[in-house]
1. Go through the residues of the stretch 147-155 one by one and say whether even a single one is within 26 Å of residue 133 (Cα to Cα) and in a strand (DSSP E or B).
2. What is the residue count in the stretch 213-223 for residues that are touching a Lys or Arg at 6+ places or on another chain (Cβ under 7 Å) and in a strand (DSSP E or B)?
3. Checking residue 231 against (1) part of a loop (DSSP other than H, G, I, E, B); (2) on the phi < 0 side of the Ramachandran plot; (3) in contact (Cβ under 8 Å) with a residue 12 or more places away in the chain, which single condition isn't satisfied?
4. Restricting attention to the stretch 171-203, which residues are modelled with pLDDT of 95 or more and hydroxyl-bearing (Ser, Thr, Tyr)?
5. Of the residues that make up the stretch 205-212, is at least one within 20 Å of the chain's Cα centre (by Cα), free of Cβ contacts under 8 Å to residues at least 60 places away in the same chain, closer than 24 Å to residue 293 by Cα and not in a strand (DSSP E or B)?
6. Every residue in the stretch 124-177 that is over 23 Å from residue 58 (Cα atoms) and among the β-branched types (Val, Ile, Thr), please.
7. From the list 107, 114, pick out the single residue that is in contact with a strand residue (DSSP E or B) (Cβ under 9 Å, 6 or more places away or on another chain) and at pLDDT 85 or above.
8. Tell me yes or no: at least one residue of the stretch 257-271 is of a type in the set (D, E, K, R) and not in a strand (DSSP E or B).
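The values are calculated or read from the model by the stated rules, or taken from the named source; none is laboratory data. Quick caveat: nothing in here was measured; it's all calculated off a predicted structure. Note that we place each Cβ from the backbone using ideal geometry, even for glycine, and neighbour counts take in every protein chain shown.
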Amino acid sequence: MTNTPSTSHLTELPELPDEIIWQILVRCEPKTASRCKVLNSVWNQSISSPEFAKQSTTHNAHNNAIIVLQFGYPNFIQPINWISMLYAESGVPLDAQLPIQGPHIFDWSIIGSDKGLIAINYSTDGVGSDFLIWNPLTGAQRHIADPFGRDIQMDTNNFGFTYDLDSQAYYICHVYKNTNIDHELNWRVYNSIDDLWEDGSLDQHSIQKLGPTTLMYKGHAVWINWVGPSFNTPHSIVMFSLKYRTIERFRIPSIAKNQLNYITLFRGYLCYVSYATGLPNSSLMLWKVNPEEGSIGLWERHLQIRGISIGDKPDLFLGNNVLLLHEHSGNLMRANDRKTTEVVLTTLNIYTEELKHIFYRHWHEEVHLDSLIVHNHGLLTP
């Protein structure tokens, strides 16, 4: 057949080996890889395999971070919650339709995200409790019954969620105290391999109030232990081992404490964040925690920023950016005015000091931001 001008310069490419195609696909953004399932049955089988999901998760662990915000009305108005999802880099929103919304759900809360899965604790009656493990990308979900239920009287009540790629299992952790003066710290751990809850207690009279957030780090649930009459003084970092069900405590030195105190992950390190407000002397400091080295040389100053007003919650870091949350509720101080709510999310580069607004919402009513987490798309099945 005679070549036409449109085809005479085309070159037929050699067929790529299956291994090369595999390596290309596992490095693709999970959403792109998932779409390739429809190309043929062989690709569909490969991309749907547990090994592909594992490798894809490894290669994309720090790519295309997604911010998930959970909003709700005050409980005394109506127990309604919803979420917003957006890409952290661009602020572009994503579809955020929860699979458990409806009149049969009394309330729910996000307890964590890891390896592309989001864990949600929910109740249908306000007394019982169940968990949903959900993959927002694939829509896959699994419901887990909670034999414990809820106790709204708990003073310390912290949940955590993590996925272990080596064992391909996920864990739900629940640590609680009925009152902050109790000597016993109670724990429950669920693992998906055995589909089993285990529970127990530890004599930890020096631990008073844990929180406000749970950080998962190398098989441990991590909190700040707050002490004092009002439980507003940071005392130590508390680490609970999911494998051994033991507690380690690391005393926070006085030099590391400041007005606002958090824990975070920064470049893979567990860090303690301390922040002082009020320009021109405001400063944000990160202290690297080295649990493997024991108490000697435990803390080292990781970096310090001065002269920047960064809001009141500098507890999430994405690469070189700190995520800044500003939430304001109020009214115009006139009779019969309803409250308004504004939420602004900004990223601050800790080296260039560049600010970028990525999220803004305004409501003509009182709305609470209940949680903010960082999520990454993945192909793992709950």
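1. Within the stretch 147-155, none of the residues are within 26 Å of residue 133 (Cα to Cα) and in a strand (DSSP E or B).
2. So the count comes out to 0.
3. All conditions pass for residue 231, except number (2).
4. Passing the criteria: 171, 190, 192.
5. no
6. Result: 124, 127, 144, 152, 156, 175.
7. 114
8. Within the stretch 257-271 (the criterion being of a type in the set (D, E, K, R) and not in a strand (DSSP E or B)), the answer is yes, since at least one residue qualifies.
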